[in-house]
Amino acid sequence: MSAGLSRVRLCLCGPTPPIAPKPWTSLLCLGCRPGSSGSGQPIADRRHAAVQASAASETRPADRPAAIGMLGGGAIGDAPTFQEAIARLQGYWASLGCTVWLPHNTEVGAGTMNPATFLRVLGPESWNACYPEPSVRPDDSRYGKNPNRVQKHTQFQVVLKPDPGNPQELYLGSLAALGINSEAHDIRFVEDNWESPVLGAWGLGWEVWMDGMEITQFTYFQNAGGSALSVPAVEITYGLERILMTLQNARHFKDIMYNRQITYGELFLQNEYEMSCYNMEEANVEDHWTRFELYQKEAMMLLEKGLPIPAYDCMLKCSHTFNVLDARGAVGVTERSNCFAAMRGLARDIAKSWIAKREELGHPLGLAGSPAIGNGKSASAGDDARVDMVRNERKLSPEDCRSFVLEVGCEEVPPEDVASAAAQLKVKVQNMLKRVRLRHEGVEVEGTPRRLAVLVKALAAHQAVSEEKMKGPPAKVAYCEDGTPTKALEGFMRKTGASLDVIIKETDGKGVEYVFANVRDEGQHTSEVLQAELPSVLREISFKKSMRWNGDVAWSRPVRWLLALHGDCIVPVQFAGLTAGARTRVLRNSSPAEVNIESAEQYLDTLKGNGITVSISGRRQLVLSAIHEEIGSLGAFIPSAIEQDLLEEVTGLVESPTVVVGSFDDAFLRLPQDVLVTVMRKHQRYFPLMRKSDPDTLLPSFLAVANGPLDEPTVRGGNEAVLQARFEDAQFFYNEDVGQPLDAFCPKLAGTVFQKKLGSLLDKSERVESLVEPVARAACLEAAVPVAKRAAKIARADLATAMVTEMTSLAGTMGRHYALMSGESPDVSQAIFESVLPRNASDILPTSPAGILVSLCDKLDSLVGLIAAGCAPSATADPYALRRTAYGMLQTVISNRVRLNLRECVDLAAGIQPVDVAEASRAETLEFVQRRLEQLLADKGVQIEAVRSVLSERGLDPYLAATSAEELAAELRVGSDSRLSRVMTALSRPIRIMKGKNVEPLPVDVSLFLLPEEEELWQACEAINSKVDEGMPIPLFLERAEELVDPINAFFDKVFVMADDASLQQNRLALMRSVASLPDGILDFSELPGF
């Protein structure tokens, strides 16, 4: 072992070993970045050496056969054993400069919690380490029965600080050390961001998938201990059991070969069983609460003494103690909130103390410098760099118009961010080119997970000439008495670049004489303009979540290379510490992995020749065509909603789509179909297939979209194995759940917080149940009360089931299924399902009376309670999804034509909250819901003026408001010569007269009428008032109100309202008030155009 490692060290910083170079030829190891003491040896060679080192470090019996026989359904062959995998990873990362750390000596829930990660990512010191970490999660206790889940699993943790510049390539090298051939497998980085509220830590990154199986969490730490990290760190966390089950083709964790003689189960199965018994049954709750308090107290004492390391150990003990209590079901609403607050506070204080202590010690490990990524030069190297330098010195002649391409090369950007950045770039580049006077024939922006490409057609090689007459200071202050220029004129000439002989005087329109200069700007070469402008354009791109990796630049994911070509000339744009060249990276399993682009015109074709489709729509069409070809041969179809939803996502996850057909054991079809579809669609991004001849029947087949050329049987087998494991998990959870009726899960809701001030989910369920009867009366749904009350009582019980705990999107779906299995009526079961609807803006809506009622009560309780508890959404955050809740409630009410008064319903919900709901809070809730109603109607295309006009008067009755807004919008479309226009014109005069007037509400006194027009208007008003009610349709109201048009016009032709006689004026104002109040409760004319 030592000889092997010694051999590696000699080749790391010495001569290149005599092996064929792999792709990644210009990437450097941790110890040999430019400017370091190493040799700068290519990472391909270092990685090969590291693989040799890790292989040499294994202990193999001399007489070990080449393959082990079948074990538990799997064959190990040449795959590493569990301990060999640890040795290989340890040897690989150690050879690249990582310190080999040890597992921590107290329970941790993840490798992240080892001080080697949580504490060492804090502060400015360098730190590169690797270590295996047994991770204990009591809630995952399954007594060893679940083939894919254990309460103590092993992670292999790698921390790289600062970012080495090529962590993904280093990681892929580690997979090679494990014997994984990246050219055969589908290895992808799929967005998965990480957060630990207890540790005050979060980061952005990915799950790493191999043939659909998540094998690693890859994260760029951004915050820890509640503060932004001064030096972001890379965290790589391997799930060893999962990886080894895949490599060894093991069907159960117990069948993993730990070494060549002993299985994992022989070592740990008894441990799993006994610790599960302890975690789930035997752990003494009272003693654990005492331990939590003691560990918390000890940690605080240690912090006071300036000892953050033992304090952190005590915090870890708090965390594990809490996890055991949680597994025992002993954590209530208040306890959970208090424990989380205590641990979060400890983590924050420990982090501050650690940072201060390391500063006090003078940062013994040395300060982390910014990695030299590019050093302000092109990303190319060697001969390619010299070629780029020559191309960089060339410029197109001024009369040339050539294509331009800017490629921003990144680590995998999430699909949503690719689409957003592409849209932003297109607008910003178009505006920039117009502003800087660069002619072109069109801008397009395309993107893949690893690149954003700005493509400009026929871009001019030089700015257009500009001539502008610029105004200077007044002539009287521009010249001295002797005619020489003053300081003011000299400043103007400097600003414009004009000489004294071209300065002229002219008089403006007010007779004041000014000096002017005709300024001609010949412009700059396009390359110079783009170098100055494009960095700002790139810095202005915004993302929902951005990250830093080195320096202060923030982007969706790290930018690793830049390409910029105008024709065949390089435009050396600088951004994120990189300088653009003419080289791009292609698929990671290609050889070579970098290629040269000869000209901007050849960019797309060159990438296409390397298997990459840059066009988003082009990739989408490739996927769609391949899918339809496959399902045609299988006699299958994909439901359109699933196809469209998944198509967009998988298009954004690949650069070179390859569709793979897989299958699964049809025995799993006995599980609820919704479970199988959810696993395939949501968790694996597979397309489930339905039988064409029987559209309700799921086929035991699926389609996966992989990336790039690969070994199809290997990838198919891997994806099938992943799906088998997922379905086995689902089968395990299902079997756990069906052993008891649905209502038996209700008591477990007491341990789940809904909101700190509003209690548990059980409290919420009880409130919803109590709301059913009064809300039913308010909504005229009394007949549904018996069914709705039973459904409300158990509607949230499925949240405590194992299946929904694992797959939260199945809430309601599993509730319906388990309710039917428990003997509940179909009506109750359907109401349980409908209680969670709609789950998004395009989802189906409740249709049964009981389902409508339970859904309405649940959403009313959430809105009223959460707003009263101070959880109303802000402009940037809506943690309880209240906007969606209100929107969904309104969709349900409107689609089912439910008539109700929102104020009455809000008051009913307010009366049962565990917090005081003041009048101001009720008003806030009503306003919030009405804003969502305005948005809903606007989203449906209803003219906004019609919406606001109706909501002013009918906003408390959503269904009436919605129908009225649509009716009013239809009247508005008729135009100016319409009944609406005539009525509005006539009524506008009395409405304007009364606006702002505080007139005493006296009755109209007919004895004071002096003119017949007063009598006629009053009689017409009284007659129409008897025909108008607040719930009438808008067209009918306009038909009735039109009878007032002539009397109103005649009145204003003859009658002066503001008469000198006070009693006469008051009576006429009373008449105006009667006429102006006619549309009250129907619409507000003042909101309409033309009023």
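The values are calculated or read from the model by the stated rules, or taken from the named source; none is laboratory data. Only a predicted model underlies this, so the values are computations on that prediction, with no experimental measurement involved. Glycine also receives a Cβ, built like all others from the backbone with ideal geometry; neighbour counts cover every protein chain displayed. Accessible surface is based on the protein model in full, side chains and every heavy atom, while ligands, DNA and RNA are left aside. Shrake-Rupley method; radii C 1.70, N 1.55, O 1.52, S 1.80 Å.
Quick look at the values:
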| read-out | value |
| --- | --- |
| Signed unit charges on C-beta, dipole axis of segment 957-1017, positive-most listed residue Tyr959, Leu987, Val974 | Val974 |
| Potential extension, Asp1046-Glu282 segment - 0.36 nm per residue separation minus Cα distance | 266.3 nm |
| 0 to 90° range, to nearest 10: angle between helix 333-360 axis and the chain longest Cα axis | 60 |
| The chain: angle of helix 944-954 to the longest principal axis, Cα-based, in degrees nearest 10 | 70 |
| Inter-label distance, nm, simple model (7 Å from Cα along the C-beta direction), Ser663/Ala356 | 6.7 |
| Label-reachable residues, segment 876-894, where backbone N falls under 19 Å from a point 7 Å from Glu927's Cα toward its Cβ | 876-878, 882-884, 886-887 |
| Amide proton proximity set for Ser135, modelled H, under 5 Å, gap of 5+ | His153, Thr154, Gln155 |
| Principal axes of segment 736-866: Cα extent on each, largest first, Å | 40, 35, 29 |
| Average accessible area per residue (Å²) across segment 145-283 - probe 1.4 Å, nucleic acids and ligands excluded | 30 |
| Average accessible area per residue (Å²) across segment 651-715 - probe 1.4 Å, nucleic acids and ligands excluded | 38 |
| Separation in nanometres of the label points that stand 7 Å from Cα toward Cβ, at Lys544 and Cys480 | 6.7 |
| Förster-model FRET efficiency, 51 Å R0, Phe1056 and Asn901, C-beta, rounded to 0.05 | 0.75 |
| Residue among Ser182, Ser141, Pro115 farthest towards the positive dipole end of segment 87-212, charges placed on Cβ | Ser141 |
| Under-5 Å amide H pairs with Leu562, H placed in peptide plane, nonlocal only | Ala379, Gly409, Gly581 |
| Estimated inter-spin distance, Ser825 and Ala938, nm [label 7 Å along Cα→Cβ] | 4.3 |
| For segment 638-721: rounded, prolate or oblate by the Cα gyration tensor [a/c cutoff 1.5] | oblate |
| Given charges at beta-carbon only (K, R positive; D, E negative), |dipole| of the chain in Debye | 2920 |
| Order of exposure, largest accessible area first, which applies to Tyr887, Tyr264 with probe 1.4 Å | Tyr887, Tyr264 |
| Extended-chain gain in nm, criterion 0.36 nm per residue less alpha-carbon gap, Lys434 and Gln524 | 31.0 nm |
| Potential extension, Ala423-Asp400 segment - 0.36 nm per residue separation minus Cα distance | 5.5 nm |
| Using θ = phi - 60° and Karplus 6.51 cos²θ - 1.76 cosθ + 1.60, couplings along segment 205-211 (whole Hz; Gly, Pro as x) | x, 8, 8, 9, 9, 10, 6 |
| Rel. contact order, % - alpha carbon contacts under 8 angstrom, at least six apart, the chain | 7 |
| Options [x] 59, 47, 29; [y] 87, 33, 23; [z] 76, 34, 23 - which one matches semi-axes √(5λ) of the Cα gyration tensor in Å as calculated here | [x] |
| Cα gyration tensor category, rounded, prolate or oblate, for segment 594-644 with a/c compared to 1.5 | prolate |
| Sites matching trypsin sites (Lys or Arg not before Pro) across segment 496-569 that sit in DSSP coil, with at most 10 neighbouring C-beta atoms within 10 Å | Lys510, Lys544 |
| Cα centroid of segment 1046-1091 to Cα centroid of segment 876-913, whole Å | 37 |
| Å² per residue, accessible surface of segment 469-590 at 1.4 Å | 46 |
| Dipole magnitude (debye, nearest 20) for segment 840-901, charges at Cβ of Lys, Arg, Asp, Glu | 200 |
| Which of Ser770, Ala564, Cys1021, positive extreme of dipole for the chain (C-beta unit charges) | Ala564 |
| Tensor-based shape of segment 528-623 (alpha-carbon gyration tensor, a/c under 1.5 rounded, otherwise prolate or oblate) | oblate |
| Whole-percent carbon and sulfur share, accessible surface of the chain, 1.4 Å | 50 |
| Computed FRET value (nearest 0.05) for Glu513 with Ser536, which takes r as the C-beta separation and R₀ as 25 Å | 0.05 |
| Sites Asp1005 and Asp878 - FRET efficiency at Förster radius 56 Å, r taken between beta-carbons, to 0.05 | 0.50 |
| In order through segment 688-698: 3J(HN,Hα) via Karplus (6.51 cos²θ - 1.76 cosθ + 1.60), integer Hz, x for Gly, Pro | x, 10, 9, 6, 5, 7, 9, x, 8, 9, 7 |
| Debye log10 I(q)/I(0) for segment 945-994, one point scatterer per Cα, at q = 0.26 Å⁻¹ | -0.97 |
